[in-house]
Amino acid sequence: MRFILSSLLLCFIACQSYTPLKSEWKTVGDTEVFYAAVSAKASQQAIESGSLAMRRSTCLNATNLLSTSPRLTSILLEQESVQLDEVETKDLGRLISAHKIKPKQDSCQSENSGYFFASPAWENCQCLYTIEYPGGRKQFRQDLTQIK
C-alpha cells in the first residue's frame, strides 16, 4: 500500500512540474524588458526518429524562427490588449525593425502536452525571449499611439 501511495505522490509531483512561461514586461535594473513566451513543435522527422536530442534541437530551432517573425509583434500587442489593422501592424513592424531589436533567448523548457504520464520530452517546447524595446513599455505605448 505504501508503494502505491508513494508512486501516486511521485507521479502527481512529476506531472505538476510544468509551469507555462508567460509573456510580460519586467523591470531589470533601470530598464523595462519584455519577456515573450514562444511555443513551438519539434519536426515530424525528429518526433518519429525517437531521438531526444533531435526533438530538442528542432523544437528550439522552431522557436528561434518564430522569435524573429511577426509573432513577436503580435505577442507585444496582445500584452497591451491592442488590435491594429493590417497597415498599422506593418507600420509597427517597420518601426520595430528600425529599432533593430534582437530578441535574446533567455530560457527554454519542454512543454507538457497534458498527458497523465509525461509525453515524450521536447515534442513541444516553450522558450522565453527578452526584448529590450528602446524606452521600455512607456515608449512602446507612445509608438502605438502614433501608429493608430
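The values are calculated or read from the model by the stated rules, or taken from the named source; none is laboratory data. Keep in mind that what you see is a predicted model, and the values were worked out from it rather than measured. Cβ placement follows ideal geometry from the backbone for every residue including glycine, while neighbour counts extend to all protein chains displayed.
In region 130-148, how many are surrounded by fewer than 17 Cβ atoms within 10 Å (Cβ to Cβ) and free of Cβ contacts under 8 Å to residues at least 60 places away in the same chain?
So the count comes out to 6.
Over 15 Å from the mean Cα position of the chain (by Cα) and outside any strand (DSSP E or B): does that describe Thr89?
yes
Only one of Ser49, Ser81, Ser6 is at pLDDT below 85 and surrounded by fewer than 15 Cβ atoms within 10 Å (Cβ to Cβ). Can you tell me which? Let's see the steps before the verdict.
Values: Ser49 fails: at pLDDT below 85; Ser81 fails: at pLDDT below 85.
Just a single option satisfies the conditions, and that option is Ser6.
Residues Leu21, Leu72: which one is under 29 Å from Asp91 (Cα atoms), modelled with pLDDT of 90 or more and surrounded by 17 or more Cβ atoms within 10 Å (Cβ to Cβ)?
Numbers: Leu72 fails: modelled with pLDDT of 90 or more.
Going through Leu21, Leu72 in turn, just one is under 29 Å from Asp91 (Cα atoms), modelled with pLDDT of 90 or more and surrounded by 17 or more Cβ atoms within 10 Å (Cβ to Cβ): Leu21.
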